[in-house]
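Visitor: This is the structure I want to talk about, given as structure tokens.
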Amino acid sequence: MEDKMLMEGILWDTKVIIDLCMHGSIESATKEVHEMFVSALKDVLQMQHEIYQAMSDMGWYTTCNVEQTKIDQVKDKFKTFVEQEGK
């Protein structure tokens, strides 16, 4: 159980770093700083994927299938929202 909790903490930390890198890239004042944050973001996204994959392989991060009708409902909801915002 300790290994699972450790991996959950690492995964959480990488998600926080991803958020920081994303905002850093958005708020960058120069091209060089922007590129540095984008590069770091790509690296951390890869690390997050590898951590997720390891947890999934161990059965510690499970997902469930969603019915296509529910996916379509969410897509329609956001499509309508985007169309209304564009007016």
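Visitor: Tell me, what is the per residue accessible area of the chain in Å², probe radius 1.4 Å?
Guide: 84 Å²
Visitor: Would you work out which of 81, 26, 54 lies farthest towards the positive end of the dipole of the chain, given +1 charges on the beta-carbon of Lys and Arg and -1 on that of Asp and Glu, about the Cα centre?
Guide: Going by the charge dipole, the pick is 81.
Visitor: Please count, across the chain, the pairs of lysine residues with Cα atoms under 23 Å apart that sit 8 or more places apart or on different chains.
Guide: So the count works out to 7.
Visitor: How do 8-14, 66-72, 28-34 rank on mean C-beta neighbours within 10 Å, highest first?
Guide: Ranked by mean Cβ neighbours within 10 Å, highest first: 8-14, 28-34, 66-72.
Visitor: Rounded to a whole number, what % of the accessible area of the chain do carbon and sulfur atoms account for, probe 1.4 Å?
Guide: Reported share for carbon and sulfur atoms: 59 percent.
The values are calculated or read from the model by the stated rules, or taken from the named source; none is laboratory data. On a predicted model such as this, the values are computed, not experimentally measured, just so you know. For neighbour counting, all protein chains shown are included, and Cβ atoms are generated from backbone atoms with ideal geometry for every residue, glycine included. Side chains included, ligands, DNA and RNA excluded: accessible areas come from the protein's heavy atoms. Shrake-Rupley method; radii C 1.70, N 1.55, O 1.52, S 1.80 Å.
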